[in-house]
Amino acid sequence: MKHIAWSVVATMLALVVGGCGGPGQTIPLAVNLDAAPAPEKVTAPLRVAVIPFEDVRSDKTKVGRYQHYVESTVDTLVPAGGSAADQVTNFVLAYLKRAGFQVTRLEPGQAVAPGSADVVLSGQIESYWSEAVTRFARTELAAKNRLVLKAANVGDGSIVRTTVVGEGTLTVVFFDLKDLEKLNSEALGQTLSRFLADVVVADRALKPKK
């Protein structure tokens, strides 16, 4: 009986230490503009046509991971509601509208109708990643993105091109996906806030701030 009891205990310990987690899940990660700080309103609302952003990351399917305390279990985070390009593009559209711009979305290859826009905005997603790592008595959250933004001014043909980064970290006791979604949204808002801080509205165009 003692031999059987010790065998049961040893088996339970092996499961706890080595492999109770099993394979990870796939979890959709959403973004929410309301979770990001509100942008400053522009004084002259330009008409901005936004072309869907291009995702140039090597792996376009994932946007993050959640590593459980048992390290063998890692959940994969994927963009909710479509691709990462869709998610970022929709966030940019909503953010610019909230900042006071008159925003329209162009489909890939769609030409800008004459007189319909002052600026055509496009961009590339170089980095877009959120992760949660659970350790003893805490979970460490991090979110970071790196976007290349290109504003083509219709009136004079000038172009403003800039690379901006947004990031944030947070430590919580228990993991909650909404905390990571909020952190990711704040990081995206930070990126666009930095972009708008680098430009000024002048002569129906976006110009680099001197």
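Rule-based calculations on the coordinates, nothing more; no lab input. Because the structure is a prediction, the values reported are computed rather than measured. All Cβ positions, even for glycine, are placed from backbone atoms using ideal geometry, and neighbour counts span all protein chains on display.
Tell me, what is the percent relative contact order of the range 22-208, built from C-alpha pairs under 8 Å that lie six or more residues apart?
Dividing the mean separation by the residue count of the range 22-208 yields 25 percent.
Hey, fewest Cβ within 10 Å first, where do 125, 27, 51 land in order?
Starting with the residue having the fewest Cβ neighbours, the order is 27, 51, 125.
Mind checking the range 90-153 for chymotrypsin sites (Phe, Trp or Tyr not before Pro) that DSSP puts in a loop (not H, G, I, E or B) and that have at most 16 other Cβ atoms within 10 Å?
136
What longest region of the chain stays clear of GluC sites (Glu not before Pro) that DSSP places outside H, G, I, E and B and that have at most 15 other Cβ atoms within 10 Å?
72-210
Please give the charge dipole size of the chain, origin at the Cα centre, charges +1 on K and R Cβ atoms and -1 on D and E Cβ atoms. Round to the nearest 20 debye.
Roughly 300 debye for the chain.
What distance in nm separates the two pseudo spin-label positions at residue 178 and residue 210, each 7 Å out from Cα along the beta-carbon direction?
Between residue 178 and residue 210, the label points sit 4.9 nm apart.
Which of 52, 31, 69 sits farthest toward the positive end of the charge dipole of the range 17-97, with +1 on the Cβ of Lys and Arg and -1 on the Cβ of Asp and Glu?
Ranked along the dipole, the leading option is 52.
Once Cα extents along the principal axes in Å is worked out from the coordinates, which option in (1) 53, 40, 32; (2) 43, 40, 31; (3) 88, 31, 24 does it equal?
Of the listed options (1) 53, 40, 32; (2) 43, 40, 31; (3) 88, 31, 24, (3) comes from this structure.
What FRET efficiency comes out for residue 74 versus residue 148 if R0 is 22 angstrom and r is the Cβ-Cβ distance? Round to the nearest 0.05.
According to the calculation, E is roughly 0.15.
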